[in-house]
1. More than 11 Å from the chain's Cα centre (by Cα) and surrounded by 13 or more Cβ atoms within 10 Å (Cβ to Cβ): which single residue out of R36, R22, R62 fits that description?
2. Looking for whichever is in contact (Cβ under 8 Å) with a residue 40 or more places away in the chain, of a type in the set (A, V, I, L, M, F, W, C) and touching a strand residue (DSSP E or B) at 6+ places or on another chain (Cβ under 6 Å) here; the options are I43, I37, I68, I81. Which one fits?
3. Out of all the residues in the stretch 1-36, which are of a type in the set (V, I, T) and in contact with a Phe, Trp or Tyr (Cβ under 6 Å, 6 or more places away or on another chain)?
4. Would you confirm whether any residue within the stretch 18-32 is touching a Lys or Arg at 6+ places or on another chain (Cβ under 8 Å) and touching a residue at least 60 places away in the same chain (Cβ under 8 Å)?
5. For the stretch 56-99, give me the residue count where each residue is in contact with a helix residue (DSSP H, G or I) (Cβ under 8 Å, 6 or more places away or on another chain) and of a type in the set (D, E, K, R).
6. Considering only the stretch 2-19, how many residues are of a type in the set (A, V, I, L, M) and surrounded by fewer than 17 Cβ atoms within 10 Å (Cβ to Cβ)?
Amino acid sequence: MIIWVDGDACPVKDEIYRVAGRYAVPVKLVTNSFIRIPQDPLIERILVSDGFDAADDWIAERADDRSIVITADILLADRCIKAGATVLGSNGRPFDAASIGAAVATRALMADLRAMDQVRGGPAPFSKTDRSRFLSALDLAIVKMKRLPPR
C-alpha cells in the first residue's frame, strides 16, 4: 500500500504523515517545487518537472488498487479511480466511480461560468471540519485497504 499525495497545494500533509506513520504506510509526496518533508524512512518527496500536469501524470501512471491518492484535482482523481485507486480530496471527500462523473461535470460547468464572468472566487476556505473529516476518511481508507488479501 502507498499513499500518493498531489503535494504542491495540499493543506493536510502533516495529517497524512501522522496517520500514515500510525499504520506504517509509505507516503510519496509528488511536487514540482521543493517542499520540506519530515526525516522519516516512510516519507519520500518526488520532485518532478514543472511541466503542465507533470505531478498528476506521475501519480496517475503509478496509481493502482493498492494506492490511496490524496488530491483536490478532480481530473487526477478521475484518472486514479479508473486505475483502481482509492481517492480522497484534501477535505476528506472520497471520490469514487459513482461520484466522479458529477464532480467532473461540475468542474467543467464552473470553469465555463468563470470564463463568462458569471461566477467569481473559488472554493470555501479550508476549515477545522474539513481537517477532521479528512483524518477520519484517511484512517478509514487505510483500514479498509489493510483488510484486502495480499497479492
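1. Values: R36 fails: surrounded by 13 or more Cβ atoms within 10 Å (Cβ to Cβ); R22 fails: surrounded by 13 or more Cβ atoms within 10 Å (Cβ to Cβ).
Of R36, R22, R62, the one residue that is more than 11 Å from the chain's Cα centre (by Cα) and surrounded by 13 or more Cβ atoms within 10 Å (Cβ to Cβ) is R62.
2. I68
3. Of the residues in the stretch 1-36, the ones of a type in the set (V, I, T) are 2-3, 5, 12, 16, 19, 25, 27, 30-31, 35.
Within the stretch 1-36, V12, V30 meet the criteria.
4. So far as the stretch 18-32 goes, yes, one or more of its residues are touching a Lys or Arg at 6+ places or on another chain (Cβ under 8 Å) and touching a residue at least 60 places away in the same chain (Cβ under 8 Å).
5. Step one: list which residues in the stretch 56-99 are in contact with a helix residue (DSSP H, G or I) (Cβ under 8 Å, 6 or more places away or on another chain), which gives 56, 59-60, 63, 66-71, 73-81, 83, 86-97.
From what is left, the residues that are of a type in the set (D, E, K, R) are 56, 66, 73, 78-79, 93, 96.
Final tally of qualifying residues: 7.
6. The initial filter retains those residues of the stretch 2-19 that are of a type in the set (A, V, I, L, M), namely 2-3, 5, 9, 12, 16, 19.
With the extra rule that they be surrounded by fewer than 17 Cβ atoms within 10 Å (Cβ to Cβ), the set shrinks to 9.
The total comes to 1.
Every read-out reported here was derived from the displayed coordinates using simple, explicitly stated rules and does not represent laboratory data. Note that the coordinates shown come from a computational prediction; the quantities given were computed from them, not determined experimentally. Ideal geometry is used to build each Cβ from the backbone, glycine not excepted, and the neighbour counts take in all protein chains shown.
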